[in-house]
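Undergrad: Got a structure for you, written out below as structure tokens; questions coming shortly.
The values are calculated or read from the model by the stated rules, or taken from the named source; none is laboratory data. Because the structure is predicted, anything quoted here is derived from the model rather than measured. Reconstructed Cβ throughout: ideal geometry from the backbone, glycine too, with neighbour counts over all protein chains shown. The accessibility values were calculated without ligands, DNA or RNA, using every heavy atom of the protein model including side chains. Shrake-Rupley method; radii C 1.70, N 1.55, O 1.52, S 1.80 Å.
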Amino acid sequence: MESKNLKKSIDKRISLIDRDVFLWLEEEKKKDAIGICEKKFHADYIVENLYKYSVGDELTFNNIRYIIEQIGKTCYKEECDLFKIEKKPCRLIKGVAFAKEK
């Protein structure tokens, strides 16, 4: 599993982003109109093929074991410029996950 630490987690809960979604997000940030979550979301780790994992699966980063608690996130389409323009949710809603130290 390929991973890259992007920031330290204060509360032992970490955020994960699929590698392809991370690359998409980096390109989206270069555009004028980006979504609200694209501005706010920051991943702790980039994970190759995150879609292969499920709630309850375990991952290890820096010798610390984590268990996935949530896959995906809420879309705030009422507040999102990207949704208003494209009329569809961004890739973050399915391309991220959250895990807690086991």
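Undergrad: Considering only residues that are among the hydrophobic types (A, V, I, L, M, F, W, C), assigned to a loop (DSSP other than H, G, I, E, B) and touching an Asp or Glu at 6+ places or on another chain (Cβ under 8 Å), which ones fall in the range 46-102?
TA: Those that are among the hydrophobic types (A, V, I, L, M, F, W, C), assigned to a loop (DSSP other than H, G, I, E, B) and touching an Asp or Glu at 6+ places or on another chain (Cβ under 8 Å): Val55, Cys90.
Undergrad: Test Lys52 against the stated conditions and say whether it is among the charged types (D, E, K, R), out of contact with any Leu (no Cβ under 8 Å at 6 or more places or on another chain), at positive phi and open to solvent by 60 Å² or more (accessible area, probe 1.4 Å).
TA: Answer is no for this residue.
Undergrad: Quick check, is Ser15 among the small types (Gly, Ala, Ser), part of a loop (DSSP other than H, G, I, E, B) and either open to solvent by less than 80 Å² (accessible area, probe 1.4 Å) or at pLDDT 90 or above (or both)?
TA: no
Undergrad: Next up: Would you be able to tell me the number of residues in the range 29-45 that are in a loop (DSSP other than H, G, I, E, B) and in contact with a Leu (Cβ under 8 Å, 6 or more places away or on another chain)?
TA: 7
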